[in-house]
Amino acid sequence: MIASASAGFDQYRDNIARGVVETIEYDSTTVGSVRKAMVYTPPGFSSEHTYPVLYLLHGIGGDETEWHTHGSPHIILDNLYSDNLIQPMIVVCPNGRAMPNDRAEGDLFDPVKIRAFEQFESDLIRDLIPHIESRYPAAHTRDKRAIAGLSMGGGQSLNIGLRNLEHFAWVGAFSAAPNTKAPEALIPDPAEAASLLSMLWLSCGDQDNLIQISRDVHDYLNQQGVPHIWYEESGGHDWPVWKNDLYLFSQRLFQ
Ligand code: FER
């Protein structure tokens with residue numbers, strides 16, 4: 001059993017060391033535009049060290065600001081550092097809708113926008129990761145890169161992370177959406193995935209209409225003997241679940 005976050009985990013605490021959040025821009029050769037991402041560097045951040053990086057993805061209604069608008073990841077993580085419960089890491093919140101107008105506006109289910117969430121694979125791997133690793137003291141190896149996200153971003157994390165295990169050893173999906181590929185397509189070579197993954201995390205709220213997607217992946221992983229963390233928690237398709245997931249997932253990252 002995984003115990004959910006203790007009360008106050010997402011509440012601002014006085015007198016603790018804080019990380020820094022900034023918005024950056026990078027040239028995307030994939031999209032042909034300048035794109036934005038939000039970057040959190042941990043308390044005590046110093047270019048004398050090299051940090052692992054978590055790429056943390058938003059949902060269908062969001063953009064690069066969504067986690068910070070609704071999920072207070074910087075507060076959750078600052079509290080975890082203060083309690084000495086996580087490894088220092090850089091957290092990058094990109095915009096997962098890789099198209100020229102990447103704002104969450106109009107018909108969010110427009111097929112062009114849904115395809116842009118697929119196009120993000122190239123934007124992330126060819127454009128954003130190299131940018132982060134040249135501009136920040138970030139590790140350049142797969143064992144120090146993680147990809148996780150909520151809903152649409154959870155599906156992206158599975159689709160992109162599991163297809164690019166040479167780039168990611170840590171993959172997490174919170175309430176994965178219907179963009180998630182079929183389990184056999186996600187993990188065509190279970191033995192290889194099992195040997196390469198440091199952590200594969202799947203979680204979903206028990207009141208979430210999309211839970212069958214996560215259950216199907218979980219069942220397949222069990223059948224194929226791929227180690228993973230399965231966490232069905234109380235809640236719906238909503239922020240209390242995703243904040244709790246970040247709190248729990250981040251503590252297991254890069255350990
Ligand atoms: C869908 C239902 C929900 C879908 C995506 C979502 C691509 C995403 C939800 C979210 O990101 O919160 O049918 O199709």
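One residue stands out in segment 208-255 among those that are in contact (Cβ under 8 Å) with a residue 60 or more places away in the chain, of a type in the set (A, V, I, L, M, F, W, C) and within 16 Å of the ligand (Cβ to nearest atom): the one that is most open to solvent (accessible area, probe 1.4 Å), namely W239.
Quick one: which of G62, G32 is touching a Ser or Thr at 6+ places or on another chain (Cβ under 9 Å), of a type outside the set (A, V, I, L, M, F, W, C) and closer than 19 Å to D102 by Cα?
Working: G32 fails: touching a Ser or Thr at 6+ places or on another chain (Cβ under 9 Å).
The unique qualifying residue is G62.
Looking across segment 156-185, the residues that are out of contact with any Asp or Glu (no Cβ under 7 Å at 6 or more places or on another chain), open to solvent by less than 10 Å² (accessible area, probe 1.4 Å) and within 16 Å of the ligand (Cβ to nearest atom) come down to Q156, S157, L158, G172, A173, A176, A177.
For segment 130-139, the count of residues that are within 16 Å of the ligand (Cβ to nearest atom) and either within 28 Å of D238 (Cα to Cα) or open to solvent by 30 Å² or more (accessible area, probe 1.4 Å) (or both) is zero. Consider segment 187-197 and keep the residues that are of a type in the set (A, V, I, L, M) and open to solvent by 10 Å² or more (accessible area, probe 1.4 Å). The one that is nearest to the ligand (Cβ to nearest atom) is L197.
For R126, indicate whether it is within 24 Å of W67 (Cα to Cα), surrounded by fewer than 17 Cβ atoms within 10 Å (Cβ to Cβ) and either among the hydroxyl-bearing types (S, T, Y) or touching a Ser or Thr at 6+ places or on another chain (Cβ under 9 Å) (or both). Yes. What are the residues in segment 198-207 that are within 19 Å of the chain's Cα centre (by Cα) and open to solvent by 10 Å² or more (accessible area, probe 1.4 Å), if any? Listed by number, the residues that qualify are S198, M199.
A quick yes/no check of all residues on (1) farther than 26 Å from D123 by Cα; (2) within 16 Å of the ligand (Cβ to nearest atom); (3) under 16 Å from the mean Cα position of the chain (by Cα):
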| residue | (1), (2), (3) |
| --- | --- |
| S47 | no, no, no |
| Y51 | no, no, no |
| E66 | no, yes, yes |
| G71 | no, yes, yes |
| I75 | yes, no, no |
| L80 | yes, no, no |
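Give me the residue from segment 80-116 that is of a type in the set (S, T, N, Q) and part of a loop (DSSP other than H, G, I, E, B) and, out of that set, least open to solvent (accessible area, probe 1.4 Å). Within segment 80-116, the match that is least open to solvent (accessible area, probe 1.4 Å) is N95.
Would you mind stating whether I147 is within 16 Å of the ligand (Cβ to nearest atom) and open to solvent by 10 Å² or more (accessible area, probe 1.4 Å)?
In short, no.
Residues that are out of contact with any Gly (no Cβ under 6 Å at 6 or more places or on another chain), part of a strand (DSSP E or B) and open to solvent by less than 60 Å² (accessible area, probe 1.4 Å) within segment 1-43 comprise V21, I24, Y26, S28, S33, R35, A37, M38, V39, listed in sequence order.
The values are calculated or read from the model by the stated rules, or taken from the named source; none is laboratory data. Worth saying up front: this structure is predicted, and the values here are computed from it rather than measured. Using ideal geometry, Cβ is built from the backbone for each residue, glycine included, and neighbour counts are taken over all protein chains shown. The protein model used for the area step is the full one, side chains on, heavy atoms only, and it has no ligands, DNA or RNA in it. Shrake-Rupley method; radii C 1.70, N 1.55, O 1.52, S 1.80 Å.
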